[in-house]
Amino acid sequence: MAMAQSLAPSTYSAARAARPKARRAVPSRIVARTGAATGESARRLVAAFDPAIPLASAVTPPSGWYTDPEFLQLELDRVFLRGWQAVGHVGQVKNPNDFFTGRLGNVEFVICRDANGELHAFHNVCRHHASLLACGSGQKTCFQCPYHGWTYGLDGILLKATRISGIKNFNKNDFGLIPITVATWGPFVLAIFDDSSQNTVNDVVGDEWLGSASDLLSRSGIDTTSLPHICRREYIIECNWKVFCDNYLDGGYHVPYAHGALASGLQLQSYETSTYERVSIQRCESAPAEQEDIDRLGTKATYAFVYPNFMINRYGPWMDTNLAVPLDATRCKVVFDYFLDESLLEDHNFVDRSLKDSEQVQMEDIALCEGVQRGLESPAYSVGRYAPSVEMAMHHFHCLLHDNLSG
């Protein structure tokens, strides 16, 4: 989210998961399989929320949505492993032979550009005995399995299968890497994990991913590829992934109580929220400030939430994104990427000060989210209520989840 106390309303969202307690990102413990049987407890939890009740009368989803491992399995199957998902930014695969890896539920994936510059995505699993092929990011001319040396081109073709003399009924053309549908929209890399089709025409991806909000976000400068990537920060937060999203979507409700320094730089009464098919957009104006702060923060910020777990914050010369990835029912990894107008890249004091301000808000939000998670696990809490004047985007998010989970 926005980056600083003055860095804009973006912080109203938990989007700032801080550089907190030095926690090391660890592999997900989730094992989710598309099509897996849905447990009775998860179905009951889905049914416990009624999206048809008007916002002013509605109650929030029950606490089990945020604590039940079986419910998360259902989310992975019906939410995360269906439809376009944000997985990275184009700067990670800017040049031929660039690659990066990731994990979502039980899906290990690798995104890469081949020598001709064509973008590909594959399941990051060797077809021989299932070893992971690549880790991290960087450049490779091929993927060689560290286990038995089977080697694949960056186009997924099996180039070499070692020590298979005597093997029968084997056609190496049948043992290439399993493809994943991949595309880009503006600076973002997107993937579909359950779609076997390879129709990745980029000019329609925005409409599929963002719906009718696509044009508005383009006009807000969110689809620009001209902002260099500054840095990435990853944090493990002891809360369900939706707690982080809910915090982002409360329309600045928590800002005056949790972010005193930030609140002084915002006109909280100017918050406005619009909802679209899979997107909600919040906007807020900055409080009157010195010219230097206006140049840094802009006069109005746009904060877009793209269902189910991607947040884009555009303000002044900055854009930052937050991706909330579930690790288990009560932990998530949040990935922050920061982008900045090229004209300010050499202003190191400005960059350092902005990132420091952002980190402060992130630390505050992490404490909030972890406190909420502990409360959700308490026997004293079951459901809550919405503040109708500000929490429209949060209710919209919960309704979208219910629609996917009950379908």
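Couple of notes before you dig in:
- Within segment 365-393, being among the acidic types (Asp, Glu) and either crowded, with 22+ Cβ neighbours inside 10 Å or not assigned by TED's automatic domain parsing to the domain that holds Trp318 (or both) holds for Asp365, Glu391.
- Every condition in (1) in a loop (DSSP other than H, G, I, E, B); (2) under 17 Å from Val125 (Cα atoms); (3) not aromatic (Phe, Trp, Tyr) is met by Asp250 except one, and the failing one is (2).
- Summed over segment 308-322, the residues that are within 18 Å of Val372 (Cβ to Cβ), polar (S, T, N, Q) and not in a loop (DSSP other than H, G, I, E, B) give a count of 1.
- Residue match in segment 297-309 (condition: touching a residue at least 12 places away in the same chain (Cβ under 8 Å), within 15 Å of Arg233 (Cα to Cα) and surrounded by fewer than 23 Cβ atoms within 10 Å (Cβ to Cβ)): no
- Matching entry among Asp403, Asp357, Asp347, Asp341 (being free of Cβ contacts under 8 Å to residues at least 12 places away in the same chain and either buried (at least 22 other Cβ atoms within 10 Å of the Cβ) or more than 19 Å from the chain's Cα centre (by Cα) (or both)): Asp347
To keep it simple, each residue is scored yes or no on (1) out of contact with any Leu (no Cβ under 7 Å at 6 or more places or on another chain); (2) assigned to a strand (DSSP E or B); (3) modelled with pLDDT under 95.
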residue	(1), (2), (3)
Ala324	yes, yes, no
Phe336	yes, yes, no
Gln360	yes, no, yes
Ile366	yes, no, no
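- Leu119 falls short on exactly one of the conditions (1) surrounded by fewer than 19 Cβ atoms within 10 Å (Cβ to Cβ); (2) in contact with a strand residue (DSSP E or B) (Cβ under 6 Å, 6 or more places away or on another chain); (3) more than 30 Å from Ala324 (Cα to Cα), and that condition is (3).
- Strands (runs of 3 or more DSSP E) completely within segment 85-198 that count 3 or more residues being under 27 Å from Phe305 (Cα atoms) and within 23 Å of the chain's Cα centre (by Cα): 85-89, 98-104, 107-113, 119-123, 181-185, 188-192
- The condition of being in contact with a Ser or Thr (Cβ under 8 Å, 6 or more places away or on another chain) and modelled with pLDDT of 95 or more does not hold for Glu234.
- Of the candidates Leu154, Leu158, Leu133, the single residue that is surrounded by 12 or more Cβ atoms within 10 Å (Cβ to Cβ) and in contact with a Gly (Cβ under 7 Å, 6 or more places away or on another chain) is Leu158.
- Residue in segment 42-50 that is β-branched (Val, Ile, Thr), modelled with pLDDT of 95 or more, in a helix (DSSP H, G or I) and in contact with a His (Cβ under 7 Å, 6 or more places away or on another chain) present: yes
- Some residue of segment 54-68 being out of contact with any Phe, Trp or Tyr (no Cβ under 8 Å at 6 or more places or on another chain), part of a helix (DSSP H, G or I) and crowded, with 20+ Cβ neighbours inside 10 Å: yes
- The set of residues in segment 79-108 that are among the basic types (Lys, Arg) and either modelled with pLDDT under 95 or assigned by TED's automatic domain parsing to the domain that holds Pro326 (or both) contains only Arg82.
- Search result, residues across segment 368-407 that are basic (Lys, Arg) and either closer than 23 Å to Tyr338 by Cβ or part of a helix (DSSP H, G or I) (or both): Arg374
The values are calculated or read from the model by the stated rules, or taken from the named source; none is laboratory data. Note that the structure is a prediction, hence the values are computed from the model and not measured. Cβ sites come from the backbone with ideal geometry, for glycine too, and all protein chains shown count toward neighbours.
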